[in-house]
Each structure stands twice: as C-alpha cells, then as structure tokens.
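Q: Submitted below is the structure of interest, expressed as structure tokens.
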There are 2 protein chains.
Amino acid sequence: MTHALTRDSVAHMLDPQAPAALVATLAADARRASQRLSRLSTEERRAGLRAAAAAIRAEADAILAANAVDLERAEGLSPALRDRLRLDGARVAAMADGVDAVAGLADPVGQVIDESVRPNGLALSRVRVPIGVIGIIYESRPNVTADAAALCVMAGNAVILRGGSEAAESNAAIHRAFAAGLEAAGLPAAAAQRVPTTDRAAVGAMLQAEGAIDLIVPRGGKSLVARVQAEARVPVLAHLDGINHVYVDGSADPAMAEQVVLDAKMRRTGICGAMETLLIDRAYAHAPALVAALAARGCAIRGDAAVQAMGHAAAEEVDWDTEYLDAIAAVALVDGLDGALVHIARHGSHHTDAIVAADPAIAERFLAEVDSAIVLWNASTQFADGGEFGLGAEIGIATGRLHARGPVALEGLTTYKWIGRGTGQVRG
Amino acid sequence: MTHALTRDSVAHMLDPQAPAALVATLAADARRASQRLSRLSTEERRAGLRAAAAAIRAEADAILAANAVDLERAEGLSPALRDRLRLDGARVAAMADGVDAVAGLADPVGQVIDESVRPNGLALSRVRVPIGVIGIIYESRPNVTADAAALCVMAGNAVILRGGSEAAESNAAIHRAFAAGLEAAGLPAAAAQRVPTTDRAAVGAMLQAEGAIDLIVPRGGKSLVARVQAEARVPVLAHLDGINHVYVDGSADPAMAEQVVLDAKMRRTGICGAMETLLIDRAYAHAPALVAALAARGCAIRGDAAVQAMGHAAAEEVDWDTEYLDAIAAVALVDGLDGALVHIARHGSHHTDAIVAADPAIAERFLAEVDSAIVLWNASTQFADGGEFGLGAEIGIATGRLHARGPVALEGLTTYKWIGRGTGQVRG
C-alpha cells in the first residue's frame, strides 16, 4: 500500500498534466464556494473573517512551530529573506488583527453604482458583485496568506493561494487555521484554498486557467511579477516597477521641497512608493542645497551633468530606468514642468509621481498630464498605499489601465452586474 | 526610383516583422495623439466630432463611390454580407448623425468618482481619465468605422481601426473624412488612424501590442471574437456568445410570459440579446400554450422529453450550448427556480438572462444568483443594448468580469487616476 502510494505520487509528479488537473479541481471547488459566498450577507462574511482571525490566534503555537521548520530549512537564505519569513507571537497577533480589520471595512458588495428608470418603465441598476475566483501568487512573506485571503473573502470571492516554497509550512498552518475558522462560522472552507504543492508548474497552470480563475494578483519581487505578466492568460492586477519621480518646480518652497524629497526617498527605501528619480527645475535656486541634503541623509546621488557639477557622481543612461529600492537616487535638472513631463513620459512606470510647487497652475498641469496611477502635489510619494488612502488595506497597487488603478482593496475585488426590473416590457 | 519603391514594398510585404513595425508606428502616433486628446476640454472633443460628422456628410459621394468598389469586388458574397457592406445616402446620413449623437453624450472624462480629505489634510480624489489607445477590430459593416471612432475619441482616446478587407475602400473613405474633420477642428488626425493594409498579420500584431495598445474591442462574428480572445496579450472587451435564457416561473402571468418570450426570441433573431433557450417551470400550468405560441410565430422548437411530449422536435445535448441567432429555440421544463439556476450555470454565457415571475422573492433570487452581465425580471432579453440602457450608444457588450460588463459606452472607455493635493505632507 505504501509502495503503491509512492508510485502514484511519483507518477503524479512526472505527469505534466497533473498541475493543470490540480488547479482545475481547486478552481471548480472555488467557483462553487464563490457562488455560495456571493449569497451571504455582509454580517455572515464578517463573522467568517472574525472566526478566521480567532482561529489564527488559537493556532498561534502550531503556526510558530511550522514557521520554525521553514526557518530551519531556510538557513542558506539571506538575513533579509529570513526576516521576511520569520514569525513571532507579535507578528501572528498582528496577522489576526489584520483579518479582523478587514472584517470591519465597508462592504462594497451590493452597493448600487447607479440606477435609472427608463422611459418604458424598466428600472435599471448597476450593482457591485464579487468577481468570483481570485488567485494570489506570492513569495516568502507568510502573512500574505491571511491578508490576501481576508480581502478576497470579504469582497465575496473565493481565493486560491500559492505562496513561496520557503514558507510552505507556515502558509499551510496559517491557511489551515483560516479555512477552519471560515468553516466554523458556516462559510465554505473552499472559499480559501491553498495549492498543496510547491511544484512551480502549478503557477503556470494558474496563469493559464482562463475562465476558471478570474483574476491573478502577484505579490512579490520583480521577477515574480514579470513572469506572471508575461505568461498569464488570466487578467492580472499588479505593478512591475515603481520608478517614481518627484519634480521640484521653480516655484517650490525650499523647506517643503526638502521635507517631501527626503521623506519620498529615505523614509523607507525598499517600498514601491519610494522616489527613485528627483527632477529639479533649472529655475529652482536651491537645487544644490536640496541635493546636498539628500546626500547628507545617506543617499547616494547619481546625477546628470548639472548635478555632477555640484560635486556628485554621474548617472548612466540605465539609472533613469532603474528602481533601486535602496538609498540611491538618480537626479537631473530639467527645463521646468515641460522638461519634467517629457522625462516622466519616457522613463516613468505609471505608478506614483509627485510635484512640489507653489504655483497651482503648474501643479494642476502636472496632475493632469502625468499618466500615472497616483499623482501628488506637495506630498510624499510614500503615501502610495491603500491604508494611507483610507481603503483600510490593499491587495496591491496596480499600474495597468483597466479595471482598477493605484491601491486596490475591496472595491477593486468586485465587478458589477446590470439588474433590470420590469413589468412585462418588450422592445416590440 | 519606381523600381526601388516596388522592391521596397515587396520586401515590406514579405517581412514578417513588417506588420509589427507598422502597428508599433501607428500605436506610437496614437499615444502622442491620446496625450493631446486627454488635455482637451469636453467642448473641444465635441467640436471635433461634429466636424467629423460634417466631413462625412460632405464626403458622402466619395464614400458611396468607394462603397461601390467594395460591392463590385464582393459579388461572390452572400446577400446578407452584401447588405451589411452596402451603404446608401440614408445610411451615410445615419452614420454622420450617430457621430453627432455621440458628441452630445455626457462626458465621463474629468468626473470625480469619489473624494476625501485624509486626517493629515491630504485631499484625495479619483478622477476619470481616458484609457489611452484603443484598437477596434471589425468585420464588414463600414459604419463601425465612424461609430467606434466617435465613442473612443469622445472618451479622450486615440483609436486604431482595423476593418474587414471586404469593406476596405468604404472604411478608407469614411476614415479619411472622419480624420480630416477632426483635424479641421484642431484635433490630432492621429486620434483616429486606420491600419492601411488588409494583411491579416496586422491583426496579430495589434493583439500582441501589449503596452502600446491598451484595449482591443472586436466587433463581428464569433470566429473573429474567438480569434481575438485566444491570441490577445492586450486586454479585450467582448462577448463570444449570447446564449440567453428566459425562465418562466410557475408564478408568471401567462399573458406577460408569452409577450416577453415572443419578443425575446422573435423580435430580431440575429442579435446577441435574443433568447436562445426557454426554461419553463414544471409547475407552470400554461407551458404547452406558451411553446405552441412560440412555434406559431415561426420558431422551430427543440425540446427536452417533456416538450417533445407536447408534440415538438427533440433537442440534442449540443442545443443547450448553441447560439442559434435564428428562429430556433431550445426549450426545457425545469424544477422551479433551482432547476433554472443549475441549467443557466451550466450552459449560460454570462450575457443576458431573464425571469418572468409574479413572485418577487423568486425573482430577486434569480437576479442575485444568475452570474450574467445583465439579469432582467419581467422584461425581454432584447433590451440588452447600450441605447436601451440609456448609454446613448455602445462600443459593444462585454461578458468578462473585469473593468466593464454588459453594454459598454463612454464610461467603459475610461479609467481613473488618484490625485492627491497636499500642503507638504510626509509619512515621517
């Protein structure tokens, strides 16, 4: 019997169809669960998430034990990766609190977007409904298991979770608690499923599952997002790069410019909302002081000729297209707003760009003409975050042009349907 | 010189990269035009469309002459296809009127979706903006050239038009007038471009133009839509099938049921909103009379066992999944609402489904649980149309779950950006 099972599992591993069949089964279960979820009231979904949060708290020891196994296996990883992977009591408690916080958000499902009564008496409305089945593909942070599942389920969607292999034991333990909590509250356990294999082919199968999975959200580094965007037949919400610019106009207040630029670059250098390129109006009198202040805060400067003339290192062409995620900034002087617009149009990544200016006409042109998901006037690019935008949480930031843009939270995880209520109307 | 030109054009035709290079050039011009368009006021875009409409009227003779060439070349085509292709004075006038009508629609661009002031004073708003560059791939109806271009440009987008080869001369003449009208009103001519080749590889190049074209809308028959959906790397808004159901509940008023069913099936059988399958509650006492009335109107009936027992022909399994677009209906008796829901979940195409019922609890369950872009209670499925829904026009009907669903008009051709106006806020 043991022998036969072993042969079966080897055959399963060698069968190139197996990941597709596995994903098809998960997706079919998820579709049924999503249909049940879509009929639940707000309070029923909230109760499910609160039970999931409680289960995570109750299973904290098991989750930490699983995490210890992952950490032991991960001895070869870098300290940064190990830190992302590591859980402790406080992190598990924060994860459960996060699930409770999502349960407390305003519910977009059932919201009437608009309504009208047609001249023939047909009463029409557009009503928000869940999207259906959402796939989350993520890397080593195990907290994504709970965060992403909570957002998807709160918006009435079933979720299929595919985390990184380094965190496999942690993710399994968190998922087990989460799904058990949902089930205890009467929600379908298949509302939150985990891909039970670290076979990378399962990711490919998810990306190809058109019609079975409605949306994929990748959470992780650039190589993951790039692979997902390149291979996916299923629609994807994501951003590849956050090559974010701050443009300091000639009209800017110098104290404000310094404050915004230092925060945008240096508050946290590793987040996608961090400034990567500083553009300064040639007419701005305080450019050398601004660049010097940035350097004094520990930021390496890579400048164009004008910035080099201030005594800083040289940028190469590639610097204008680089997301450093580090204490490095590319800095150029530009010919006013128009110069900034041309630079951003050429090098930007449609994520978050900011202007510091006292002149409102200049600022409004920047806000209108920069084609990015988020444009800011006199504020740090580091505000690019669902929590900071009042969304309560975020599943990610999207830089595509369709469906949802910028920070995506519950509303972005819904769609709508048209509902018409008549009294026998015909077109005749 | 002539010789060299000829060699160049032969080389161009044989070069598999040529369609990609052509589309890249069109798309780059379109991107620049879209940036200019996005800065124009509502009135400027309206004036552009009115000038385009005037140019179509002024060039009516040239358009009809071009159409005569297409018709002459199309002698082998079916009468139906020739009729789609044929223009006359009235059709050209209607086309120009359609462009004027789009110019009169409410402008979604600049609309504030929502706004808030964060506790730190940052004023945030989500504002509708054009999507950018839209590709339209269509078949033999030349009026799509003007209709689709008008909707795209009114929503601030540049459009790349790729019509069917049968209508090449007509499309070229309409496009020439349209673009000249835009230009005369000060809009960029590249706001509406036409792919100047009937090489089918150009369609493939459009479908692969990720990042250069933001959205593709196919307009035409199922094989076109299927090809576009199968090959596209660019997001697509479309519907493949309209396998629309009417479910007649046991509680339905018989006169209303007959009126709605006959209209849904027989008013026009060839449109995507036509009913294809009739589901009747086993508890509905008037089922034989209803099916007989449909047959008496000239509709061929393909029924399940219960319907066959009423004296009608048999349906095969494939009938439940067939979009006839003809005077044929598949008819089944089902076990009440739950039976209808199971049937529609298995065979539906997420387009338009209707219930006829007097019982509001039954009807509301149908509206909530049928997962289609449009769900109707006591109204004909033939209302599935942007004009009937008060949108003024439509670029198409979408059955996907993301971005826009059901009839898509100006709003569906926009996206949004987040705009934040601060006073020096930093995250600190």
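Q: Within the range A:195-205, identify whether any single residue is at pLDDT 95 or above and out of contact with any strand residue (DSSP E or B) (no Cβ under 8 Å at 6 or more places or on another chain), and answer yes or no.
A: Yes: the range A:195-205 contains one or more residues that are at pLDDT 95 or above and out of contact with any strand residue (DSSP E or B) (no Cβ under 8 Å at 6 or more places or on another chain).
Q: Scan the range A:160-167 and tell me whether some residue there is more than 15 Å from A:Val408 (Cα to Cα), buried (at least 21 other Cβ atoms within 10 Å of the Cβ), touching a residue at least 40 places away in the same chain (Cβ under 8 Å) and within 14 Å of chain B (Cβ to nearest Cβ).
A: Within the range A:160-167, not a single residue is more than 15 Å from A:Val408 (Cα to Cα), buried (at least 21 other Cβ atoms within 10 Å of the Cβ), touching a residue at least 40 places away in the same chain (Cβ under 8 Å) and within 14 Å of chain B (Cβ to nearest Cβ).
Residues checked against (1) on the phi > 0 side of the Ramachandran plot; (2) of a type in the set (Phe, Trp, Tyr); (3) in contact with a His (Cβ under 7 Å, 6 or more places away or on another chain):
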| residue | (1), (2), (3) |
| --- | --- |
| B:Ala327 | no, no, no |
| B:Ala330 | no, no, no |
| B:Val356 | no, no, no |
| B:Gly387 | no, no, no |
| B:Ala398 | no, no, yes |
| B:Gly406 | yes, no, no |
| B:Gln425 | no, no, no |
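Q: For the range B:391-410: of the residues being outside any loop (DSSP other than H, G, I, E, B) and over 19 Å from A:Asn120 (Cα atoms), which is farthest from the chain's Cα centre (by Cα)?
A: Quick first cut of the range B:391-410, residues outside any loop (DSSP other than H, G, I, E, B) only: B:396-398, B:406-408.
Those still in the list that are over 19 Å from A:Asn120 (Cα atoms) too: B:396-398, B:406, B:408.
Working: B:Gly396: 1, B:Ile397: 4, B:Ala398: 7, B:Gly406: 9, B:Val408: 7 Å.
So, considering only residues that are outside any loop (DSSP other than H, G, I, E, B) and over 19 Å from A:Asn120 (Cα atoms), the one farthest from the chain's Cα centre (by Cα) is B:Gly406.
Q: What about A:Val261, is it β-branched (Val, Ile, Thr) and over 19 Å from A:His351 (Cβ atoms)?
A: no
Q: Given the conditions (1) assigned to a loop (DSSP other than H, G, I, E, B); (2) crowded, with 17+ Cβ neighbours inside 10 Å, which single one is not true for A:Ile271?
A: (2)
Q: Are any residues in the range A:166-186 of a type in the set (S, T, N, Q) and either closer than 11 Å to A:Glu59 by Cβ or more than 20 Å from the chain's Cα centre (by Cα) (or both), and if so, which ones?
A: First, pick out the residues of the range A:166-186 that are of a type in the set (S, T, N, Q): A:170-171.
Matches in the range A:166-186: A:Ser170 only.
Q: Can you pull out the residues in the range A:216-247 that are basic (Lys, Arg) and under 11 Å from the mean Cα position of the chain (by Cα)?
A: Within the range A:216-247, just A:Arg219 meets the criteria.
Q: For residues in the range B:272-282 being out of contact with any His (no Cβ under 6 Å at 6 or more places or on another chain) and more than 10 Å from chain A (Cβ to nearest Cβ), which is modelled with the lowest pLDDT?
A: By that ranking, first place goes to B:Cys272.
Q: When the range A:253-265 is examined, which residues are found to be at the interface with chain B (Cβ under 10 Å from one of its Cβ atoms) and either of a type in the set (A, V, I, L, M, F, W, C) or surrounded by fewer than 19 Cβ atoms within 10 Å (Cβ to Cβ) (or both)?
A: A:Asp253, A:Ala255, A:Met256, A:Ala257, A:Val260, A:Val261, A:Leu262, A:Ala264
Q: Ok, one more. Could you check the range A:185-268 for helices (runs of 4 or more DSSP H) lying wholly inside it with 1 or more residues that are within 30 Å of B:Leu207 (Cα to Cα)?
A: The qualifying helices (runs of 4 or more DSSP H) are A:201-208, A:222-231.
Q: If A:His239 meets every condition in (1) at pLDDT 95 or above; (2) buried (at least 20 other Cβ atoms within 10 Å of the Cβ) apart from one, which number is that one?
A: It fails just one condition, (1).
Q: Which members of the range B:75-125 meet the condition of being modelled with pLDDT of 95 or more, loosely packed, with under 11 Cβ neighbours inside 10 Å and within 24 Å of B:Gly270 (Cβ to Cβ)?
A: B:Ala90
Q: Restricting to the range B:186-215, name every residue that is more than 13 Å from B:Ala21 (Cα to Cα), buried (at least 18 other Cβ atoms within 10 Å of the Cβ) and in contact with a helix residue (DSSP H, G or I) (Cβ under 6 Å, 6 or more places away or on another chain).
A: B:Leu187, B:Pro188, B:Ala190, B:Ala191, B:Ala192, B:Gln193, B:Arg194, B:Leu207, B:Ile213, listed by residue number.
Q: Look at B:Arg32 and say whether it is out of contact with any Lys or Arg (no Cβ under 7 Å at 6 or more places or on another chain), modelled with pLDDT of 95 or more and closer than 21 Å to B:Glu183 by Cβ.
A: Against the criterion (out of contact with any Lys or Arg (no Cβ under 7 Å at 6 or more places or on another chain), modelled with pLDDT of 95 or more and closer than 21 Å to B:Glu183 by Cβ), B:Arg32 qualifies.
Q: Still on this model: Please name all residue pairs, on different chains or six or more residues apart, with Cβ atoms under 6 Å, provided the first residue is in the range A:392-418 and is at the interface with another protein chain (Cβ under 8 Å from one of its Cβ atoms) and within 16 Å of B:Arg128 (Cβ to Cβ) and the second residue is surrounded by fewer than 23 Cβ atoms within 10 Å (Cβ to Cβ) and of a type in the set (D, E, K, R).
A: From residues that are at the interface with another protein chain (Cβ under 8 Å from one of its Cβ atoms) and within 16 Å of B:Arg128 (Cβ to Cβ), the pairs are A:Tyr416/A:Arg126; A:Tyr416/A:Arg128.
Q: Still on this model: Tally up the residues in the range A:411-424 that are more than 12 Å from the chain's Cα centre (by Cα) and among the aliphatic types (A, V, I, L, M), please.
A: 1
Q: Name the residues in the range A:355-369 that are among the aliphatic types (A, V, I, L, M) and without any contact (Cβ under 8 Å) to a residue 40 or more places away in the chain, would you?
A: Within the range A:355-369, A:Ala361, A:Leu367, A:Ala368 meet the criteria.
The values are calculated or read from the model by the stated rules, or taken from the named source; none is laboratory data. All values reported here derive from a predicted model rather than from experimental measurement. Positions of Cβ are generated from backbone atoms using ideal geometry, with glycine treated the same way; all protein chains shown enter the neighbour counts.
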